[in-house]
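A short write-up of the structure that comes next.
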Amino acid sequence: MLKAVFFDIDNTLYDSTTLARRARLNSIRAMIDAGLEGEEEELYERLKQVIARFGSNYPKHYDELLRVLGVPWSPKIVAAGVVAYERTKFGYLMPFPGVIPTLLELRKRYRLGIVSNGIAVKQWEKLINLGVHHLFECVITSEEVGCEKPEAEIFHTAVQALGVEVEESVMVGDCPNTDVAGAKRAGMRAVLVRLRGGEEGVEAGEADAVVHDFRELPEALRRIESVV
């Protein structure tokens, strides 16, 4: 019998890839308006390289962008990028269709939690801005646990937080390598979500079910539960 369902956040509850692209592009446009010289597309590509090198949680992407461009540090230009990014991020941050009613439906039958790689405050910011933070009994982040998906420890921490067993739990996420493989390695079931277009080539891996619309999730869980 399944008792708990755990969720990833990015590209699972909302379209983080499209949002990040829009926010980063808008930040480049704002930096150009603030005096940064260069072509928009070229600067955007250089920013992506900086992010790839330092990671998405690095706090000084725009400072580093100026450095690699050989541009003297300018607080005005950096601030323009930061403000544009934040405004875009929170202006476009919204859940995928069906997320909120589906979570409300699932809460009637299962206990819900989050298992996410990232900085705790940032992950809570996303959940609060999405309007879903109150629907989860626990939010487990890699920063707090000290390890990341796909390591089994972060999944074990999550099930312990809800007082359930791994075999009574399901992980729902968009990444076969971290969400699916990690959960399966920890002894959980796993559902792969493919809610963004253009990802049909992604292998399902060891997933017990694959959904293309969040509203398909209750039925997918019922199918999994029927063979547990």
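A short reminder: the numbers here are calculations on the coordinates, not readings from a lab. Quantities reported herein were computed from a predicted structural model and do not represent experimental measurements. Methodologically, a virtual Cβ is constructed for each residue, glycine included, from the backbone with ideal geometry; neighbour enumeration extends over all protein chains shown.
Computed quantities for the displayed model
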quantity: Sorted by Cβ density within 10 Å, fewest first, the residues VAL121, VAL164, VAL191; calculated: VAL121, VAL164, VAL191
quantity: Selection of chymotrypsin sites (Phe, Trp or Tyr not before Pro), the range 1-102, meeting DSSP coil and at most 13 other Cβ within 10 Å; calculated: TRP73
quantity: Non-local Lys pairs in the chain, i.e. 8 or more apart or on different chains, that have alpha carbons under 18 Å apart; calculated: 11
quantity: FRET efficiency for ASP33 and VAL121, using Cβ-Cβ distance with R0 set to 25 Å, rounded to 0.05; calculated: 0.30
quantity: Where labels lie 7 Å past Cα in the beta-carbon direction, separation of GLU105 and ASN57 in nm; calculated: 3.4
quantity: GNM result for the chain, Cα springs below 10 Å: residue of SER116, SER74, SER16 fluctuating most strongly; calculated: SER74
quantity: Sites excluded, trypsin sites (Lys or Arg not before Pro) in DSSP loops with at most 14 other C-beta within 10 Å, longest stretch of the chain; calculated: 110-228
quantity: Cα-based Rg of the chain normalised by 2.2 N^0.38 Å, two decimals; calculated: 1.11
quantity: Cβ-placed point charges (K, R +1; D, E -1), dipole of the range 17-92 about Cα centre in debye, nearest 20; calculated: 340
quantity: Positive dipole terminus of the chain, leading residue within TYR62, SER169, HIS156 (C-beta point charges); calculated: TYR62
